[in-house]
Structures are given as C-alpha cells and as structure tokens.
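Trainee: Structure provided below as structure tokens; questions to follow.
The values are calculated or read from the model by the stated rules, or taken from the named source; none is laboratory data. Only a predicted model underlies this, so the values are computations on that prediction, with no experimental measurement involved. Note: ideal-geometry Cβ built from the backbone for every residue, glycine included; neighbour counts use all protein chains shown. When the accessible area is computed, the model is the full protein with side chains, heavy atoms only, and any ligands, DNA or RNA have been set aside. Shrake-Rupley method; radii C 1.70, N 1.55, O 1.52, S 1.80 Å.
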Amino acid sequence: MGFQGDEEFGNNNLPFNNNLPSKSIFRYNSPLVQVTLIGLVCFCCPGMFNALSGMGGGGQVDPTAANNANTALYTTFAVFGILGGGIYNILGPRLTLVAGCSTYILYAGSFLYYNHYQHQAFAIAAGAILGIGAGLLWAGEGAIMTSYPPPNRKGTYISLFWSVFNMGGVIGGLIPFILNYHRSEAASVNDGTYIGFMCFMTFGTLLSLAILPPSKVVRDDGTVCTHIKYSKVSTEAIEIMKMFLNWKMLLIVPAAWASNFFYSYQFNNVNAAHFNLRTRGLNNVFYWGAQMLGSVGIGYILDFSFQSRRTRGFVGIGIVGLLGTAIWGGGLANQLKYSYDDLPPKLDFKDSGSDFAGPFVLYFSYGLLDAMFQSLVYWVIGALADDSEILSRYVGFYKGVQSAGAAVAWQIDSHKVPMLSQLIVNWSLTTVSYPLLFVLVMLAVQDDHNDKERIANNLADPVSAKDTNKPV
C-alpha cells in the first residue's frame, strides 16, 4: 500500500499523471472537489465544536468544566498536532481522518452527560481524547488544503475551505439560538442542542471516508500531489524532530502560538460576559460568518492582487497587521469598561437596543480577523513547499504549537487572570507575528512564475515534460 499511482514525473519533481480523465474541475479526483469535501468534514466536526465552544463555557452557566476540558484537549492536541503529520504520512488520509473525527462525537456527548450529572471528569477525559483526534484531523486537513491545490491558487483554495468549514460554525450557532430562543433567562443549553451537534459530527466522520489519498488527486495540468509511498515510523520520527531546528518553522512559532490563544478571551470574556444565552448563539452565527468573509477577502489578495507571489504575501501581511491593530484597539476601548469584579449587564439582541451594537460589532470583527490571520499563516506555510509529505509535517508543527498556546490560554482564563491582561497578551502576540512572517516570506517564498511555466509546458507537451524532468 502507498501513496502511489501510474504517474511519472513532471517539472519541479511533481508526479505527472498521463491518464487525466477529464478537464472538469468538478471531477471526483480534482483538488476542488477534495478540498470541498475536507471543508465539509470540518464543517460537521470542528465547525460544530467551534459553535459549542463559542457559546462560552460549552453552553454551561459555569465555564469551569469547559475550561478544564479545553485545557486537557489542547494539551494532548499540542503533542498529537506535532505527531499528526507523521501519522498522516503513515496511515494515509482516510484512517487518519476517521479516527480524528470520531472523537468529536464523544466530546459533545460528554457535555450532554454533564447537563444531567454535573460531573466534569467525563468532560475532561473526553477533551483529552479529542485532543488526540483533533491533532490527527487537522494535520490531515492541513496537508490536503495546502498540497492538493495548484501552487498559484493556494489562497483561493484556503479561502474555499475556510468558508465551508466556518459555515459549520454558522449552522452550529443557529442550533442553540433556535432551540433556546424562548429561554431568554436560561443558563445552560438544553439536551437537543448537544444531540444536534452529535448528529452533524457523526455525518462528518462518515464523510471523511470519501477523501482520496494525494497520489489519486490530479490537478488540471496533469500533476498529482505527491509521489510518496506510506512512510515509516522511524522516518517520520526523525523528520518531526528536525522541525524544531527548522528556521522556517521557528519563525512561525509566535503566529502559531497566537492563533488560538485568543479564543478563551473572545468566547468567555466578550461573548459570554456581555450577552445572554440565546444572543450568544446568534452572535456565533455572525462570528463564524465573518470568518467566511475574511477568508475570501484575504484569499483574493494572496492570489490575485499582484503578479509577484512574494509581493502578494507582503501586502497580505500588511493588511492583516493594520486591521488587527484597529480591531484589538477597539477591544481595548471596550475592555476598559468592565472586569471580573465589575461585569456588564447581560445584553439581549431584542431587548437591549443600541447597547447591543458596540459589543456585537467587536465580536464580529474578532471573527473576521481570526480568519484573515489564520488563512494568511496557512498560505505562507503552503508557499514553502508543494509536496503533501512535507506540508503535513509543517502543518502538524503549526497545529501543535497552536494547541500548546491554547492550553495555556484556557488555564489563564480559568485562573481568572485579569481580562485586560489577557487582551494585552493577545494583542502583543499577534503583533509580534507580523514582522516574523514578513521575514519568512522575504527569505523563503519564491515567486510563482516557475509554476506557471511548468503548467504551460505540461499542457502543451506532457510527454516531453515527463521525459525531460525525471528525477535522477
């Protein structure tokens, strides 16, 4: 068994499939269909998880159980995020994704149990197991999203994935909003909310079986995504260790650490602090909807704004940096109005009038920035290589560091570190990331004129392209 097929090699040492069945971008083995499928898988699993987390406290009045479960989750996620790329290279996408997706069902079920028995041990254990599964899922997702698309359209495919994925958060936000609409004074969500999440997660687990291995995915120019066979444990162990000495990965560390660090602050200290239960569900519809808008906007800039790929990267970093400064500045102005010792009154979207508008727009803006920031980082990672084997390790490293930061963040919130301090740390981490990403793009990202030449040559004369570019 292996990631292999009847391909030979084209330019850039990319495998070339001479049996391209159709020019249609909608064929089953096209990058577009496969990236859409992984987006739908993430729509059903982490998308619903995001909706559950976004309500603050996992939908409970007391966020302690959810905070502790999230700490356990991101602790194991930090380990298996880093290992996930290697596991993906050994098992392939289907086994990796099915194993990862199934753990989301258990996590949602643990809060259904908590709704009745108020015992947090199950939720914490389920969180730890979910961390293992999430590490596998996101390593596989990252490899697919960054390696399957054509090199000059990675921003577009990343925005496509991010939009489909975050539609899960939108639908997931509607579930608690609708089911708890007439419970304006309710503290915890009802059982139907958790059951609805579990149904979506089960479907996503089954859908992951439809993902093809990279050797079976054929781009429009005839190249396939990798020529590797399934890897070995010893090979992956060595390659994963090398990640910690890779200067490119070290430059990504602050961005990775920051990219999930702000969730505990935004979910618990903005959404849950300002709004009642049903309004929190409605807010999440717009929070994750804003992510769809943000990903499409930054995806267009990173693929189409300038001819030079490096210039597009610089412009993308500049735009996200300026927007991030403005949004976190607005967050600071809002945060100065309240604290743990002086919490604001709960706002309702129907009853609070104009008082609702300011915190709502801020929360919406946080969602917009999140998608733009993470899509930018994924684009940079995708620009460092084209091969699924390499990119699965890069994304695994990114997700591992990201999850380590999140584990720390949830405990910071659990220990009631002042909200203002949390905001300042979040703002500082994202700000430090921008110049380091700029340096990485400047030193490691190449302009994509070679990619265009490769595609043109393969389309014009695929036989010649194969014969003259076989590896020696």
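Trainee: So how many residues does the stretch 334-391 have that are surrounded by 21 or more Cβ atoms within 10 Å (Cβ to Cβ) and among the hydroxyl-bearing types (Ser, Thr, Tyr)?
Mentor: Number of matching residues: 5.
Trainee: From 180, 190, grab the single residue that is at pLDDT below 90 and open to solvent by 30 Å² or more (accessible area, probe 1.4 Å). Can you show your working first?
Mentor: Numbers: 180 fails: open to solvent by 30 Å² or more (accessible area, probe 1.4 Å).
Every option except 190 fails the conditions.
Trainee: Would you check if residue 293 is in a helix (DSSP H, G or I), in contact with a helix residue (DSSP H, G or I) (Cβ under 8 Å, 6 or more places away or on another chain), open to solvent by 10 Å² or more (accessible area, probe 1.4 Å) and under 22 Å from residue 353 (Cα atoms)?
Mentor: Details: in a helix (DSSP H, G or I): yes; in contact with a helix residue (DSSP H, G or I) (Cβ under 8 Å, 6 or more places away or on another chain): yes; open to solvent by 10 Å² or more (accessible area, probe 1.4 Å): yes; under 22 Å from residue 353 (Cα atoms): no.
Criteria not met by residue 293.
Trainee: Against the definition (surrounded by fewer than 20 Cβ atoms within 10 Å (Cβ to Cβ) and farther than 16 Å from residue 34 by Cβ), how does residue 202 come out, yes or no?
Mentor: On the way: surrounded by fewer than 20 Cβ atoms within 10 Å (Cβ to Cβ): yes; farther than 16 Å from residue 34 by Cβ: yes.
Yes; evaluated as a whole, the condition is true for this residue.
Trainee: List the residue pairs whose Cβ atoms are under 7 Å apart, where the first residue sits in the stretch 109-122 and is surrounded by 13 or more Cβ atoms within 10 Å (Cβ to Cβ), the second is among the acidic types (Asp, Glu) and in a helix (DSSP H, G or I), and the two are 6 or more positions apart or on different chains.
Mentor: The qualifying pairs are 112/191; 115/191.
Trainee: Residue under question is residue 89, and the condition is that it be part of a helix (DSSP H, G or I), modelled with pLDDT under 90 and in contact with an Asp or Glu (Cβ under 6 Å, 6 or more places away or on another chain); does it hold? Explain how you work it out, then say what you get.
Mentor: Numbers: part of a helix (DSSP H, G or I): yes; modelled with pLDDT under 90: yes; in contact with an Asp or Glu (Cβ under 6 Å, 6 or more places away or on another chain): yes.
Yes.
Trainee: Now for a different question. Please report, ordered by residue number, the helices (runs of 4 or more DSSP H) entirely within the stretch 381-464 with at least 2 residues that are at pLDDT 90 or above and over 18 Å from the mean Cα position of the chain (by Cα). Before you say what the answer is, go through the steps one by one.
Mentor: On the way: elements: 388-414, 419-444, 449-460.
It comes to 388-414, 419-444.
Trainee: Can you find, within the stretch 232-278, the residue that is modelled with the highest pLDDT among those that are buried (at least 20 other Cβ atoms within 10 Å of the Cβ), more than 24 Å from the chain's Cα centre (by Cα) and over 20 Å from residue 424 (Cβ atoms)?
Mentor: Selected residue: 275.
Trainee: Take the conditions charged (D, E, K, R) and over 18 Å from the mean Cα position of the chain (by Cα) and apply them to residue 350. Does it pass?
Mentor: Yes, satisfied.
Trainee: Of all residues in the stretch 206-221, count the ones that are under 23 Å from the mean Cα position of the chain (by Cα), surrounded by 21 or more Cβ atoms within 10 Å (Cβ to Cβ) and in a helix (DSSP H, G or I).
Mentor: The qualifying residues number 2.
Trainee: Name the single residue that is farthest from residue 190 (Cα to Cα) among those in the stretch 77-108 being of a type in the set (S, T, N, Q) and without any contact (Cβ under 8 Å) to a residue 60 or more places away in the chain.
Mentor: Looking at residues that are of a type in the set (S, T, N, Q) and without any contact (Cβ under 8 Å) to a residue 60 or more places away in the chain, I get 96.
Trainee: Also, quick follow-up: Return yes or no: is residue 166 surrounded by fewer than 21 Cβ atoms within 10 Å (Cβ to Cβ), in a helix (DSSP H, G or I) and touching a residue at least 40 places away in the same chain (Cβ under 8 Å)? Let's see the steps before the verdict.
Mentor: Values: surrounded by fewer than 21 Cβ atoms within 10 Å (Cβ to Cβ): no; in a helix (DSSP H, G or I): yes; touching a residue at least 40 places away in the same chain (Cβ under 8 Å): yes.
Against the criterion (surrounded by fewer than 21 Cβ atoms within 10 Å (Cβ to Cβ), in a helix (DSSP H, G or I) and touching a residue at least 40 places away in the same chain (Cβ under 8 Å)), residue 166 does not qualify.
Trainee: Further, regarding this structure: Within the stretch 302-314, is there a residue that is closer than 22 Å to residue 334 by Cα, in a helix (DSSP H, G or I) and of a type outside the set (D, E, K, R)? Talk me through it step by step, then tell me what you get.
Mentor: So the first thing to find is which residues in the stretch 302-314 are closer than 22 Å to residue 334 by Cα, and the list is none.
No, the stretch 302-314 contains no residue that is closer than 22 Å to residue 334 by Cα, in a helix (DSSP H, G or I) and of a type outside the set (D, E, K, R).
Trainee: I need every pair where a residue in the stretch 31-47 that is closer than 15 Å to residue 104 by Cβ has its Cβ under 8 Å from the Cβ of a residue that is of a type in the set (D, E, K, R) and buried (at least 24 other Cβ atoms within 10 Å of the Cβ), sequence separation at least 6 or different chains.
Mentor: Listed by first residue and then by second, the contacts come to 38/141; 41/141; 42/141.
Trainee: Let me ask something else. How many residues are surrounded by fewer than 20 Cβ atoms within 10 Å (Cβ to Cβ), touching a residue at least 12 places away in the same chain (Cβ under 8 Å) and of a type in the set (A, V, I, L, M, F, W, C) if we restrict to the stretch 316-326?
Mentor: Residues that pass the stated criteria total 2.
Trainee: Exactly one of these conditions fails for residue 161: (1) closer than 16 Å to residue 44 by Cβ; (2) modelled with pLDDT of 90 or more; (3) out of contact with any Gly (no Cβ under 7 Å at 6 or more places or on another chain). Give me its number.
Mentor: Tallying (1) closer than 16 Å to residue 44 by Cβ; (2) modelled with pLDDT of 90 or more; (3) out of contact with any Gly (no Cβ under 7 Å at 6 or more places or on another chain), residue 161 fails exactly one: (3).
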